[in-house]
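> My structure is below; once you've seen it, I'll send some questions.
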Amino acid sequence: MIKVLVADDQPVVLRGFTAVLAAQPDIAVVGAAPDGAEAVRLARAEQPDVALLDIRMPVLNGIEAARAITELGAKAIMITTFDLDEYVYDALLAGASGFLLKDIRAEELANSVRIIARGDALLAPKVTRRLIAEFTRRRVQAETLLTPRESEVLRLIARGLSNAEIAAELVVTEHTVKTHVARVLSKLGLRDRTQAVIHAYETGLVHAGDHGPLAG
């Protein structure tokens, strides 16, 4: 049996999805929550295999709930609508394995849960298009907002170099590097160096397997 938790702050959606999944012979609904905080509490208590989470919920939103629930070992499927799926990118970073639109048909809903439960990923076509657009936007943003030197600093950050190492590589002062780093974070709306590394890899500025100048 696949143990499933459903969370949505719209009672009609919550009851509907719960009824559809509970009717399946291989799926057991172990919890239904009206908000993200309750979803996390139920996940800790019931240990579901899959959590079906609305992206926008009170108390704790679906993205934060997904992050907490996936840390417990469950798979997360986000429920979204076309005008709200700008949150898809953030939900992926939080560990979500799938995205479904709320107008999904009953048989597709159950099959989607089965697909995610066995370890695969699933994106609704509309969500896929928006996700591709978001990756493209972020790549263009990085290419147009940053100066060539700032782009180089971002590449070196992504390769794990410290400010001192970047300064040595570029033959500039460490103060100059700190200024470049601050500008990169500000222009791209990033919080810290960790987010900068993620951004660099996800936009293709740096690729897995690339080696920094100090690598052996």
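> Output the number of the condition that GLY73 fails; it satisfies all remaining conditions of (1) over 23 Å from VAL12 (Cβ atoms); (2) at pLDDT 90 or above; (3) surrounded by 20 or more Cβ atoms within 10 Å (Cβ to Cβ).
Condition not satisfied by GLY73: (3).
> On to the next question. Looking only at segment 1-60, count every residue that is in a strand (DSSP E or B) and touching a residue at least 60 places away in the same chain (Cβ under 8 Å) and tell me the total.
6
> Listed residues GLY31, GLY62; which is modelled with pLDDT of 95 or more and either crowded, with 20+ Cβ neighbours inside 10 Å or closer than 24 Å to ALA106 by Cβ (or both)?
Testing whether each residue is modelled with pLDDT of 95 or more and either crowded, with 20+ Cβ neighbours inside 10 Å or closer than 24 Å to ALA106 by Cβ (or both) leaves just GLY31.
> From the list ALA76, ALA66, ALA91, ALA96, which residue is part of a loop (DSSP other than H, G, I, E, B), closer than 22 Å to ILE198 by Cβ and under 18 Å from the mean Cα position of the chain (by Cα)?
On inspection, the qualifying residue turns out to be ALA96.
> Working carefully through the options VAL30, VAL12, find the one that is more than 20 Å from the chain's Cα centre (by Cα), within 22 Å of ASP120 (Cβ to Cβ), aliphatic (A, V, I, L, M) and in the same structural domain as LEU122 (by TED's automatic domain parsing). It would help to see each step written out before you state the result.
Working: VAL12 fails: within 22 Å of ASP120 (Cβ to Cβ).
Selected residue: VAL30, the only one of VAL30, VAL12 that is more than 20 Å from the chain's Cα centre (by Cα), within 22 Å of ASP120 (Cβ to Cβ), aliphatic (A, V, I, L, M) and in the same structural domain as LEU122 (by TED's automatic domain parsing).
> Hey, among the residues in segment 76-107 that are among the β-branched types (Val, Ile, Thr) and free of Cβ contacts under 8 Å to residues at least 24 places away in the same chain, which one's surrounded by the fewest Cβ atoms within 10 Å (Cβ to Cβ)?
THR81
The values are calculated or read from the model by the stated rules, or taken from the named source; none is laboratory data. Everything numeric in this text was worked out from a predicted model, so none of it was measured. So basically every Cβ, Gly included, is an ideal-geometry build from the backbone, and we count neighbours across all protein chains shown.
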